[in-house]
Amino acid sequence: MKLEFIESPRFNPHENLGVESVLLKTCPEDTLRFYLWQNQHTVVIGKHQHAASEVFLDRLKEDHGTLARRSSGGGAVYHDLGNLNFSFITSTQHFDLQRQMNWIAQALHALGFDAQVNGRNDIEVLGAKVSGNAFAHHHDLHLHHGTLLVNVDTAKLGYYLNVNPKKLKRKNVASVAARIMNLSDVKALSIEELKQHLYTSIQEATHTQATWLDFESLDAFEEVLFFKQDAWNLGTTTSGQWSFEECFDFGCFKWEIKTNHGVITSSHLYSDSLDTLWIEELEQWIMGQSETSWIEHLKTYSKRNIDQTQQIINTLETL
């Protein structure tokens, strides 16, 4: 396996996400790419989140902040230059989420932090979240990216992020900021020091000397334009004839449905679930179904996350 490193000199989220997309779509089958990047004064939302519900957009605009939507699932996050983003990109043959999470934790251990991988998408220190992770796919190529909170202005989280109270209740916290922590709260750490330990840790773990890709040489013009679009970042805003909203342990859901002559003609499912393919399949599964029997049809879905789908169905049947 070959190992490639790339680091962004830019702090614009649309440019950084555009480059990440190119890195994913062009990654050779025998290569693991590791990409480091930072965004300045930005709220990044998950692929299927409802922007107007998740973010205080007026506040962000007034403060000259940037809204960006990523290609992966999960929830909204605030980025500033106290946060370091990382991306692993590789083929099915080499993609190993648990191993990649452990590599990040090992780099933190080398810096003196007692880092633990918790569940599918968090890394914690002293019981507090210091890294959230999310995932996306392109054919047989896979993206795993995450945050590392070094010295983020945590007050901005509550100011810009409009977190569903049901989600906070399920996590038994008063706010998003209450369950996260900066690494610098434990011991002094610079972004540059963290970068070097990440590069060292991954080379040692893979027993491979990395080669460097030149950020400026990547042709990401079309991808950057896509990530800049308001249509992508703001998404579709609907006012369905019927609406369902609930939070589960695996994510929050807002489902808006429109019908015409008793048949579903519009289905929009907003969620911070990590599995974007599942959300897209559920959204389409009920299209064209009768407004009186679509829940019964949903019971025939059997592709992904069956237990989670059943929990949604159980809740729908109580309405």
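Structure above, values below:
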item: The chain: angle of helix 276-285 to the longest principal axis, Cα-based, in degrees nearest 10; result: 10 degrees
item: Pairwise FRET efficiency - Thr200 versus Asn260, Cβ, R0 = 35 Å, nearest 0.05; result: 0.05
item: Angle between the chain longest axis and helix 191-206 axis [Cα atoms, degrees, rounded to 10]; result: 90 degrees
item: The chain: Cys lacking any partner C-beta under 4.7 angstrom; result: Cys27
item: From phi via Karplus (6.51, -1.76, 1.60), per-residue ³J(HN,Hα) for the range 122-131 in Hz, x at Gly/Pro; result: 10, 10, 10, 10, 6, x, 10, 6, 10, 8
item: Cross-link pairs Lys254/Lys299; Lys47/Lys187; Lys129/Lys166; Lys2/Lys195; Lys25/Lys299; Lys47/Lys156 - those with Cα-Cα distance over 30 Å; result: Lys47/Lys187; Lys25/Lys299
item: In degrees, nearest ten, helix 13-25 long axis to first principal axis of the chain (Cα); result: 90 degrees
item: Built amide H within the under 5 Å cut-off of Ser273, gap 5+; result: Gly74, Cys252
item: Estimated Rh, the range 242-316: Kirkwood, alpha-carbon pairs, angstrom; result: 12.4 Å
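Rule-based calculations on the coordinates, nothing more; no lab input. Computed from a predicted model, the values in this text were never measured in an experiment. Note that we place each Cβ from the backbone using ideal geometry, even for glycine, and neighbour counts take in every protein chain shown.
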